[in-house]
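The values are calculated or read from the model by the stated rules, or taken from the named source; none is laboratory data. If you're wondering where the values come from, they're calculated on a predicted model, not measured in any experiment. Note that we place each Cβ from the backbone using ideal geometry, even for glycine, and neighbour counts take in every protein chain shown.
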Amino acid sequence: MSNSEPQPLVSIRRLSKRYVQGSLWSKRFEISALKNVDLEVATGSNLALVGESGSGKSTLAKCLAGFEEPSSGEICFEGRNLLALGAKQRARTRRSIQLIFQDAASSLNPGFTAEDILLEPMVIQEEGAPEERKRRCVEVLEQVGLARLLLRRWPHELSGGQRQRLVIARALIMKPRILILDEALTGLDLSIQAQIVEILRQLRKAHGLTYLYVSHNLGLMGAIAEEIAVMHEGKIVERQSVQQIFRSPQHPATSALLAAIPGGSLAFVSRPERPTI
Amino acid sequence: MKYLLRRLLHSLAVLFGISLLSFLFAGMAPGTYLDEMQLNPQISPATIAVLRAQYGMDRPLPVRYLRWLNSVAHGDWGYSFAYNLPVAPLIWRRAKNTLWLTLPATLLAWLVAIPLGVFAANQSGRWGDRIAEAGTSTILVVPDLILALALMIAAVHTRTFPAGGMSSVNVQKGRIADIHDLLWHLTLPLITLALGILPVFFRHVRAGMLEALASPSLQAARALGLPPSRILFKHALRLAANPVLSLFGLSMASLLSSSLLIEVVMSWPGLGAMLLEAILARDLYLVIGAVMFSTLLLLAGNLIADLMLYTMDPRIRIGPSQ
Ligand SMILES: Nc1ncnc2c1ncn2[C@@H]1O[C@H](COP(=O)(O)OP(=O)(O)O)[C@@H](O)[C@H]1O
Ligand SMILES: [Mg+2]
């Protein structure tokens, strides 16, 4: 982290999110998915948000990406509180924060070709001639390691790994500052997982992207992130470097996550050439 | 292409099966047009015997069926006892009137249902949605008969539209005037019919759109910061197209039957009234012809829907690679 930019890219302060449950007929009750969460993400960092299912990780990711409206709190992006911005400004800023879901297939509209999917975000930018836009499509496609002949394919013609890469390519078109990857590697074959991790590593190097991984899998996150924030019951209970988390977990929730790693955690940490991206 | 060919062959098979079944059932039903004739003392038994031979009614069922197939091949679709005319032109003359009514009514219902359904889904749970929902639910529970009568009474009182029929007796001034006269007579039954089918279409579009709007691909589209109208009409409507197109096919299929009641109440000279007569008179071939014609329309409707699905949905048009 450079000292010339002390301001964090994202700074979340006292963020709360309550979901109201129940219908007309049953008694209403509230679920507090986020309870006064504070989180800072430095520019260029590589942070993983880890916690058991239902701990509020996805809710935090969705609030940050603008999919959900928080109940209270602040989300500052480059020093400006998103929640206080007008609709237009907010929509523009939102493009800098891209969220990638676990199920890539379902986040692609089956009625659009790969090319249309990539062109669509550029519609409102109103920049560049058609050839210029097309060139940009090919460019991002190459960045995620897909051949340009795939441009004419429909999503259902692509493999699972290709679809996930197309989703990443679509996010890149927006020239985002931060990518949030919510269980984006979950459910993929190990070899495809490795491919995508490698692509993400290269992208980060090339564009200075900031990553916020979201996963329940501490073992996997230990392999690809540099820092871990542990979530438990709507709060962030611990934040450490990967080495610290594995060596001396502070919170019982962290210990529980460590215990859930198959093959044990210590064997993993003691590996000298731990690959990080 | 193979997909469409298969659908076409399938349709032909269905048509063939329906013709066989209607012959079987008609053969099992007691009495024919000629049996009723026997009750008339003015017609001699000899005449009836001649007629019976002429229409082939003295032959066994399989022979009659083959003769009928032959007449289908010649474009006659059998002979009507009551009219003493080939069935096909008889039906076509009436069916044309029915289609004049049902085709524009269905089109009108769709033209209202699609934007209204999209609007309601987009407004889901808010006032616009509630009003659209309440309005269409009200129309849904009011029987078509009451709706038709209410509109007719209003028409008679305000003298804006004729209360029935398809044309005025004394107007015959030329093409333009004729068309004007037809449209004037058409308005009331058309609105009644369109109102009757609107709620079903509306609900279908709304449900399809709600599902589409909740899908992750729509969330992704919103995250791109696209304008709401583009998200609604380009992204969501394309997702909702499948169920809507399927219903479109079905709505084509019911073009002949949906207007039966309105034809009778508003004395529209369509197929409905003729079919009713033919059944009562046991005019065998006319009934079978009408059944075959509506089957044909049903299959054509489904084929059109398939064709549209085929062109609209790449998942059907192009199978997965490998
Ligand atoms: N749309 C929603 N409506 C109601 N409750 C929700 C909704 N989304 C999430 N929740 C609740 O919020 C809590 C946190 O969920 P989530 O953020 O998805 O957790 P995680 O991603 O860590 O598994 C859970 O108790 C979940 O049931
Ligand atoms: Mg989650």
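May I ask you to say which residue of A:E74, A:E40 is more than 20 Å from B:P227 (Cα to Cα), in contact with a Pro (Cβ under 6 Å, 6 or more places away or on another chain) and away from ligand 1 (no atom under 13 Å from the Cβ)?
Only one candidate passes the filter, namely A:E40.
For the range A:78-116, which positions are facing another protein chain (nearest Cβ under 8 Å) and either of a type in the set (A, V, I, L, M, F, W, C) or on the phi > 0 side of the Ramachandran plot (or both)?
Answer for the range A:78-116, where residues must be facing another protein chain (nearest Cβ under 8 Å) and either of a type in the set (A, V, I, L, M, F, W, C) or on the phi > 0 side of the Ramachandran plot (or both): A:A91, A:L99, A:F101, A:L108, A:F112.
Exactly one condition in (1) part of a strand (DSSP E or B); (2) more than 14 Å from every other protein chain (Cβ to nearest Cβ); (3) more than 16 Å from ligand 2 (Cβ to nearest atom) is not met by A:Y19; state its number.
Answer for A:Y19: the failing condition is (3).
For the structure I just gave you, tell me whether B:V287 is surrounded by fewer than 19 Cβ atoms within 10 Å (Cβ to Cβ), away from chain A (no Cβ under 14 Å) and part of a helix (DSSP H, G or I).
Against the criterion (surrounded by fewer than 19 Cβ atoms within 10 Å (Cβ to Cβ), away from chain A (no Cβ under 14 Å) and part of a helix (DSSP H, G or I)), B:V287 does not qualify.
Can you tell me which residues in the range A:56-99 are in contact with a Gly (Cβ under 7 Å, 6 or more places away or on another chain), within 16 Å of ligand 2 (Cβ to nearest atom) and outside any helix (DSSP H, G or I)?
A:G56
Given (1) more than 16 Å from ligand 2 (Cβ to nearest atom); (2) touching a Ser or Thr at 6+ places or on another chain (Cβ under 8 Å); (3) assigned to a strand (DSSP E or B), identify the lone condition not met by A:D38.
So A:D38 meets the others, but not (2).
Hey, A:P8 hits all of (1) out of contact with any Phe, Trp or Tyr (no Cβ under 9 Å at 6 or more places or on another chain); (2) at pLDDT below 95; (3) within 16 Å of ligand 1 (Cβ to nearest atom) but one; which does it fall short on?
Evaluating A:P8 over (1) out of contact with any Phe, Trp or Tyr (no Cβ under 9 Å at 6 or more places or on another chain); (2) at pLDDT below 95; (3) within 16 Å of ligand 1 (Cβ to nearest atom) leaves (3) as the failure.
Given the structure, is A:I12 within 13 Å of chain B (Cβ to nearest Cβ), within 29 Å of A:S241 (Cβ to Cβ) and more than 16 Å from ligand 2 (Cβ to nearest atom)?
no
Based on what the data block shows, is A:S45 of a type in the set (S, T, Y) and either out of contact with any Leu (no Cβ under 9 Å at 6 or more places or on another chain) or within 9 Å of ligand 1 (Cβ to nearest atom) (or both)?
In short, no.
Tell me which residues, restricted to the range A:151-161, are more than 10 Å from chain B (Cβ to nearest Cβ) and without any contact (Cβ under 8 Å) to a residue 40 or more places away in the chain.
A:L151, A:R152, A:G161, listed by residue number.
What number of residues within the range B:97-130 satisfy the criterion of being exposed (fewer than 13 other Cβ atoms within 10 Å of the Cβ) and over 25 Å from B:L239 (Cβ atoms)?
Within the range B:97-130, residues that are exposed (fewer than 13 other Cβ atoms within 10 Å of the Cβ) and over 25 Å from B:L239 (Cβ atoms) number 1.
With respect to the numbered conditions (1) farther than 18 Å from A:A225 by Cβ; (2) of a type in the set (V, I, T); (3) surrounded by fewer than 19 Cβ atoms within 10 Å (Cβ to Cβ), which one is the sole condition not fulfilled by A:V197?
(1)
Restricting attention to the range A:117-133, report how many residues are closer than 19 Å to A:P176 by Cβ, modelled with pLDDT of 85 or more and more than 10 Å from chain B (Cβ to nearest Cβ).
Here the count works out to 3.
Quick one: would you say A:R136 is away from chain B (no Cβ under 11 Å) and surrounded by fewer than 21 Cβ atoms within 10 Å (Cβ to Cβ)?
Yes: the conditions hold for A:R136.
Any residue in the range B:62-84 that's in a loop (DSSP other than H, G, I, E, B): show its pairings with residues that are acidic (D, E) and buried (at least 16 other Cβ atoms within 10 Å of the Cβ) at Cβ separation under 7 Å, as long as the two are six or more apart or on different chains.
B:F81/B:D283; B:A82/B:D283
Being within 19 Å of A:T59 (Cβ to Cβ) and part of a loop (DSSP other than H, G, I, E, B) is the filter here, so list the residues in the range A:209-263 that pass it.
A:H216, A:N217, A:E233, A:G234
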